[in-house]
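The values are calculated or read from the model by the stated rules, or taken from the named source; none is laboratory data. All values derive from a computational prediction rather than experimental measurement. Virtual Cβ from ideal backbone geometry, glycine too; neighbours counted across all protein chains shown. The accessibility values were calculated without ligands, DNA or RNA, using every heavy atom of the protein model including side chains. Shrake-Rupley method; radii C 1.70, N 1.55, O 1.52, S 1.80 Å.
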Amino acid sequence: MSSSATLPLSKLREGQKGQVSDLLLSGEMRRRLQDLGLIPGTCVSCLYQSAFGDPCAYSVRGAAIALRQTDSQKILIKLC
């Protein structure tokens, strides 16, 4: 897969990194993710996936956050 292609954050596997390109969320959840540092240009890495893939832990600006798959599917990234 080309590094310029976008994909949902939920597709990252443990150890992979990506750069946020867009948030397809609105309202309170969009604001909360932006407050956590998930804005276009931010590098994100997948730290851990639970056994069933939900939730997943990500590293964002030095902090570890857990996101449900329903939310991480709406965050578009480009692989780094």
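For TYR48, the conditions (1) surrounded by 14 or more Cβ atoms within 10 Å (Cβ to Cβ); (2) within 14 Å of GLN69 (Cβ to Cβ); (3) in contact (Cβ under 8 Å) with a residue 24 or more places away in the chain are fulfilled apart from (1). Of the residues SER26, SER10, the single one that is over 15 Å from CYS80 (Cβ atoms), of a type in the set (Ser, Thr, Tyr) and open to solvent by 70 Å² or more (accessible area, probe 1.4 Å) is SER26.
You will find that of ALA64, ALA57, ALA5, the residue that is aliphatic (A, V, I, L, M) and open to solvent by 40 Å² or more (accessible area, probe 1.4 Å) is ALA64 and no other. For region 29-42, the candidate set comprises residues that are without any contact (Cβ under 8 Å) to a residue 40 or more places away in the chain and within 12 Å of LEU9 (Cβ to Cβ); within that set, the residue that is surrounded by the most Cβ atoms within 10 Å (Cβ to Cβ) is LEU38. Of all residues in region 39-64, those that are within 16 Å of GLN16 (Cβ to Cβ) and among the hydrophobic types (A, V, I, L, M, F, W, C) total 8. Is it true that some residue in region 51-67 is farther than 18 Å from THR6 by Cα and among the aromatic types (Phe, Trp, Tyr)? Looking through region 51-67, at least one residue is farther than 18 Å from THR6 by Cα and among the aromatic types (Phe, Trp, Tyr). If we scan region 65-77, do we find a residue that is on the phi > 0 side of the Ramachandran plot and in contact (Cβ under 8 Å) with a residue 12 or more places away in the chain? For region 65-77, residues on the phi > 0 side of the Ramachandran plot and in contact (Cβ under 8 Å) with a residue 12 or more places away in the chain: absent.
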